[in-house]
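Undergrad: A single structure is presented below for examination.
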Amino acid sequence: MKDIRQRISTLSFGATSVFSVLVVVVVFLIPARGVAQFPPLKKVRSADSSSGFVNRVFVDEDGEHRYAVFIPPNYTPHRRWPTVLFLHGASNRGTDGRSQLVTGLPAAIRTNPDQYPFLAVFPQCEDTRSSVMTGWTDDPREAARALRILSEVEREFSVDREHELLAGLSMGANGVYEIAAQDPQRWRGLIVVSGRCSESIASRIASIPLWVFHSRKDALIPFEDCQRTIDLIRDAGGHVNFSEVPGEAHDISAVTFTQSELARWVLHPEIPPQTNLLWTKPEGYTSGINEEVPFLPGAKLPGAIQVKVAPDLLVAVSEQLQEEYASQPLQGSSSPRQQSRRSLIGQFDVSVAGARYTGRVDQVQVTAEPSQVLRVQIGLRNVVMTIARTQIESPLVKANAGPVRIVVGHRAPVWITMNIAPSVHQERVRLRVVGTSFQIPSNNWSVQRPTYVNVRGLPFMKRRISDSIVEGIYQRKPEIEREVRQNIPQIVSQMESRLNNELLDQILVVGQIPVPMWQPRVKLTPESIEITEQGITAQLGITMAAVGKTVYDDNNFQMRVYPRTPAEFPMPATGAQLAISCQFVTALTELMIAGEVNTFHAQDLRH
C-alpha cells in the first residue's frame, strides 16, 4: 500500500507541471509590450483564384499599364454587381501596378474582404511630376485611361452598369470631382475623402449622391476648403452626406473606408447613411505597403541609431505592464499524463487528467543591474490549478478521484526571477540566462482534498488514497520549484526568438517625413547592447528600402553601404532618448533621386 501512495504522489506532481506552462504564458508576452506590433493580416485569396485582388494589364497606344481588380469572395456571373472605381492619392503614383493598393479602399478590403460585396477597380496614375492635388487631371490621358480600364473590366465581368461609383482619397478625391463632372449621369454615387473642388464643378455634380469625409485639422487641404465645396454643392441643389473625422491627419482612410456603413451605402447610395460613426482603426489593419511593395535594400547605415534608456523608464514600463496584466486573467490547460510502475504487489497504472489553470500577474518588475544584466521579476497571484480526475488501476485496486484544486500565491505574490544578459551576435539579439530564482513559501500554497474518491475492490481505502494525493503534492514542492527553474532558459529562448522575429525583422514605416512620395521604410539591425546601473544603451544599424522605379524597373540597382557615423550622446537623467545619424537624410535623398521620386511641383509649395 505504501507503494501505491508513492506512485500516486509521483503522478499527481506531473499535473503541476502546468505551472511551467503558466510561466511561459506570462513571460512570453513581455517583449511584445511597449513596442510597435504588427498583427497578422487577414489574407485575400491569390490572383489566380476566383476572388481577391487580381493583377491586370491594360494596353493602349501608349503601351502597357498595370492595374488591379478586386473580385468579391462570393462573386458569380449569374448576377450583376455594383462597381467602384477607386482613385488613389499622390504618394501611390507610378507604373508598378501595386502601389495604388496601399491605403484607402484596397487596404480596407484587405483587412475584411467579406465586408465589400462589389467589384472594385484600381488604376494607377502614372504622372509623377504633376501637382499632388491634380495628378489625375493635369494630363487628360490619366483620367481617360482610368475610365477605359473600368470599361474593360465591365466587359469581362458581370456588372450593373447602372450602379457605378467613384471613390478617391486626397489627389484621388479631387480627381473624383473632376471626372464625375465630365459625365454626371454615369455615376450612382461619389465618395470623397480629404478633397475639394471648384464652383464650376460643384454645380455639375449636384445631382449625384455624395458622401464627404474630412478632418477639421487637415494640414494639406484645409477644412475650410472642404466646407466651401459642400456649401457650393448644396447651393446648387445637391445633397451632401458629410462626416467630420476627428484628429489632425490628412490621410484618414484607415477610419473611413473601413466603415461597414460606407460599404452598405455603396449598395444603396440613394439612402442617406449614418454619418456620425466611431472613428477607430479596425484590428488587423495595415496600410498595405509591406504587402504590395517589395523591400529592396537600398542603403545600409551601420551604427545609425543610438538609444539610451534611464532606469526610471524601466520602472514606468514595469508599472504599465503590471496595469495591463491586472485586467488580463491567465488561463489554460496541460496535457493528460499516464504512467505505470511494477512493485512487489503488482503492476499499477495511474492516469492524471489534464489540469486547467487560472491566475493573474500581480506585479512586474524590470530593472537594469550591474555587469550587463537585466532582471525580470514576475509576481503571480491566486494561481488555481484543477486536476479533473486521477485514475489508479491494478489487479487489486481500481480507483478514481477528483477534482483536486491546487492554489498558489493566495497570500502574497509568488515571484519568478530571471537574470538575463543580452548581447548581439551576427546581427541578432541573444539572451543568456545567468541566474534564476523561484520558491513557493510553505504558507503561500494549499492543496485541497479531492471532491470525491471512488474505489472498487478495496472501498475502505478511500481516505488513504485521498490523503496520499494531497500528501504527495505537498512533498513535491522542491521538485515543482526545480522544474519551473529548469524551464526558464527555454522561456528566455522563446523571448529571444520573438524579439528578433517580431521586432527586428519587421519593416518599419518611419512616417511624418516631409517628402512628396513614399515615406522611408527601414529594417533595424542590432549591433551592441550595454546594461549598467545607469541604464541601457543600444546601438542599431539601419537598412533603408529603395523607392520609386528602382524597386520594379532597375535591375542594375545595387545597395549602397555608408560609412559608420554613430550618433553619440550621454545617458539622459530620466526617460529615454534616441539619436539618428545625419547619414539618414543623405541616404534618403540619394534613394529618392535614384528612384525618380525627388520632384516636387511648384504649385504644391503653398501647401
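Undergrad: Got a number for carbon plus sulfur as a percent of segment 446-586's accessible area, 1.4 Å probe? Please report the intermediate quantities before stating the final value.
TA: Numbers: 3730 of 7530 Å².
Taking all protein chains in place, segment 446-586 shows 50 percent carbon and sulfur surface.
Undergrad: Non-local amide H neighbours of Leu458 (under 5 Å, H modeled in plane, Pro and chain starts lacking H): which ones?
TA: Sorted by chain and number, the residues that satisfy this are Lys398.
Undergrad: Could you work out the local net charge near Arg186, counting Lys and Arg as +1, Asp and Glu as -1, over the other residues with Cβ closer than 13 Å to its Cβ?
TA: For residues surrounding Arg186, the net value is -2.
Undergrad: Once every DSSP H run of n ≥ 4 in the chain is given -39500 (n - 2.57) and the sum is divided by its residues, what mean residue ellipticity at 222 nm do you get, rounded to the nearest 500 deg cm²/dmol?
TA: Numbers: 13 runs with 158 residues, N = 607.
My calculation for the chain gives -8000 deg cm²/dmol from helical runs alone.
Undergrad: Short version: ³J(HN,Hα) in whole Hz for each residue of segment 547-557, in order, from phi by Karplus 6.51 cos²θ - 1.76 cosθ + 1.60 (θ = phi - 60°), x for Gly and Pro, what are they?
TA: 10, x, 5, 5, 5, 10, 10, 10, 6, 9, 5
Undergrad: Given the Cα-Cα distance of His78 and Asn454 and 0.36 nm per residue of separation, how much length would full extension add, in nm?
TA: Details: separation 376, 0.36 × 376 = 135.36 nm, distance 6.46 nm.
Net length gain for the segment: 128.9 nm.
Undergrad: Is any residue of segment 86-112 close enough, with backbone N under 19 Å, to a label point placed 7 angstrom from the Cα of Glu156 along the Cα-Cβ axis, and if so, which?
TA: Counting only backbone N, you get 86-87, 95-101, 106.
Undergrad: Applying the Karplus parametrisation 6.51 cos²θ - 1.76 cosθ + 1.60 with θ = phi - 60° to the phi angles of segment 188-203, what ³J(HN,Hα) value in whole Hz is obtained for each residue in order, glycine and proline being reported as x?
TA: So the Karplus estimates, Gly and Pro as x, are 7, x, 10, 10, 10, 10, 6, x, 7, 8, 8, 5, 5, 6, 4, 5 Hz.
Undergrad: Apply the Karplus parameterisation 6.51 cos²θ - 1.76 cosθ + 1.60, with θ equal to phi minus 60°, to every residue of segment 469-482 and state each ³J(HN,Hα) to the nearest whole Hz, in sequence, with x for glycine and proline.
TA: 5, 5, 4, x, 5, 4, 5, 8, 3, x, 6, 4, 4, 5
Undergrad: Would you mind classifying segment 123-280 by shape? Square roots of the alpha carbon gyration tensor eigenvalues, ordered a ≥ b ≥ c; an a/c under 1.5 is rounded, otherwise it is prolate if a/b is larger than b/c and oblate if not.
TA: Details: a/c = 1.38, a/b = 1.17, b/c = 1.18.
Rounded.
Undergrad: Which stretch or stretches of segment 180-210 have amide N atoms under 20 Å from the point lying 7 Å from Arg228's Cα along the Cα→Cβ direction?
TA: Answer for this model: 181, 192-206.
Undergrad: Please identify the chymotrypsin sites (Phe, Trp or Tyr not before Pro) of segment 229-336 that satisfy two criteria: DSSP loop assignment and at most 10 other Cβ atoms within 10 Å. Which are they?
TA: On the way: sites: Phe242, Phe257, Trp265, Trp279, Tyr285, Phe295, Tyr325; in loops: Phe257, Trp279, Tyr285, Phe295.
Within segment 229-336, no chymotrypsin sites (Phe, Trp or Tyr not before Pro) qualify (loop, at most 10 other Cβ atoms within 10 Å).
Undergrad: Measure nothing fancy, just the Cα-based angle from helix 140-156's long axis to the longest principal axis of the chain, in degrees from 0 to 90, nearest 10.
TA: Approximately 60 degrees, to the nearest 10.
Undergrad: Here's something else I'd like to know. Just the number please: accessible area per residue for the chain, 1.4 Å probe, all protein chains included, in Å².
TA: 45 Å²
Undergrad: Taking H placed 1.01 Å from N in the peptide plane, check which residues at least 5 places from Ile221 or on another chain put their amide H under 5 Å from its amide H.
TA: Amide H to amide H, under 5 Å and 5 or more residues apart or across chains, Ile221 pairs with nothing.
Undergrad: Classify segment 215-282 as rounded, prolate or oblate, taking a ≥ b ≥ c as the square roots of the eigenvalues of its Cα gyration tensor: rounded when a/c is under 1.5, otherwise prolate if a/b is larger than b/c and oblate if not. Provide the component values of the computation, followed by the final result.
TA: Details: a/c = 2.51, a/b = 1.01, b/c = 2.47.
Since a/c reaches 1.5 but b/c is at least a/b, the shape of segment 215-282 is classed as oblate.
Undergrad: Order Asp312, Asp127 by their accessible area, 1.4 angstrom probe, all chains in place, largest first.
TA: Working: Asp312 70, Asp127 30 Å².
My answer, sorted largest first, is Asp312, Asp127.
Undergrad: Name the GluC sites (Glu not before Pro) in segment 179-252 that are in a loop by DSSP and that have at most 13 other C-beta atoms within 10 Å, would you?
TA: Taking segment 179-252 and a limit of 13 other Cβ atoms within 10 Å, the loop GluC sites (Glu not before Pro) found are Glu248.
Undergrad: Right, here's the next one. For segment 105-222, what is the charge dipole size about the Cα centre, in debye to the nearest 20, if Lys and Arg each add +1 at the Cβ and Asp and Glu each add -1 at the Cβ? Walk me through the numbers on the way to the answer.
TA: Values: 13 positive and 16 negative charges, 59 e Å.
The dipole of segment 105-222 has a size of about 280 debye.
Undergrad: Please report, largest first and rounded to whole Å, the three semi-axes of the ellipsoid equivalent to segment 407-523, where each semi-axis is the square root of five times an eigenvalue of the C-alpha gyration tensor.
TA: Working: eigenvalues 517, 63, 37 Å².
Whole-Å semi-axes of the equivalent ellipsoid: 51, 18, 14.
Undergrad: May I ask you to give the percent of accessible area on segment 249-315 that is carbon plus sulfur, with a probe radius of 1.4 Å?
TA: Working: 1700 of 2850 Å².
For segment 249-315, the apolar C and S fraction of the accessible surface comes to 60 percent.
Undergrad: Does segment 131-174 come out rounded, prolate or oblate, given a ≥ b ≥ c as the square roots of the eigenvalues of its C-alpha gyration tensor, rounded meaning a/c under 1.5 and, failing that, prolate meaning a/b above b/c?
TA: Working: a/c = 3.72, a/b = 1.87, b/c = 1.99.
Oblate.
Undergrad: Follow-up question, since we're still on this one. Give the angle, between 0 and 90 degrees and rounded to the nearest 10, that separates the Cα long axis of helix 583-594 from the longest principal axis of the Cα atoms of the chain.
TA: Approximately 50 degrees, to the nearest 10.
Undergrad: Report which label in [x] 2, 7, 8, 8, 8, 7, 7, 7, 7, 7, 9, 8, 6, 4, 2, 1, 1, 0, 0, 0; [y] 3, 14, 19, 17, 15, 14, 10, 6, 2, 0, 0; [z] 3, 16, 25, 25, 16, 9, 4, 1, 0 holds the value of P(r) over Cα pairs in 10 Å bins from 0, in percent derived from the coordinates of this structure.
TA: Recomputing P(r) over Cα pairs in 10 Å bins from 0, in percent here gives the entry labelled [y].
Undergrad: If you don't mind, there's one more thing I want to ask. Mind ranking His78, His65 by accessible surface for me, highest first, 1.4 Å probe? All intermediate terms of the calculation are to be shown ahead of the outcome.
TA: Details: His78 170, His65 5 Å².
Heavy-atom accessible area, descending, gives His78, His65.
Undergrad: By how many degrees, between 0 and 90 and to the nearest 10, does the Cα long axis of helix 171-182 differ from the longest principal axis of the chain?
TA: 40 degrees
Undergrad: Okay, moving on. At R0 = 41 Å, how high is the FRET efficiency between Gln331 and Glu244 if r is their beta carbon distance? Nearest 0.05 is fine.
TA: In this case the efficiency is close to 0.45.
Undergrad: By how many nm would the segment from Arg389 to Thr574 grow when fully extended, if each residue of separation counts as 0.36 nm and the alpha-carbon distance is taken off?
TA: So the chain would gain 61.3 nm between Arg389 and Thr574.
Undergrad: Just read off the accessible area of Asp467 with the full protein assembly in place, 1.4 Å probe, to the nearest 10 Å².
TA: The value for Asp467 is about 60 Å².
Undergrad: Within the set Lys281/Lys523; Lys217/Lys300; Lys217/Lys281; Lys300/Lys549, which residue pairs have Cα atoms separated by over 27 Å? Write down the numbers at each step before the final one.
TA: Details: Lys281/Lys523 24 Å; Lys217/Lys300 37 Å; Lys217/Lys281 18 Å; Lys300/Lys549 19 Å.
In this structure, Lys217/Lys300 exceed 27 Å between Cα atoms.
Undergrad: Next question, about the same structure. With labels modelled as points extended 7 Å from the Cα through the Cβ direction, what inter-label distance (nm, one decimal) is found for Gln182 paired with Leu278?
TA: Placing both labels 7 Å along Cα→Cβ, they lie 4.1 nm apart.
Undergrad: Let me ask something additional. With r as the distance between the Cβ atoms of Val510 and Glu270 and R0 = 41 Å, compute the FRET efficiency 1/(1 + (r/R0)^6) and round to 0.05. Intermediate values should be presented prior to the final figure.
TA: Details: r = 43 Å, r/R0 = 1.05.
Calculated transfer efficiency: 0.40.
The values are calculated or read from the model by the stated rules, or taken from the named source; none is laboratory data. These figures come from a predicted structure and were not determined experimentally. Ideal geometry is used to build each Cβ from the backbone, glycine not excepted, and the neighbour counts take in all protein chains shown. Side chains included, ligands, DNA and RNA excluded: accessible areas come from the protein's heavy atoms. Shrake-Rupley method; radii C 1.70, N 1.55, O 1.52, S 1.80 Å.
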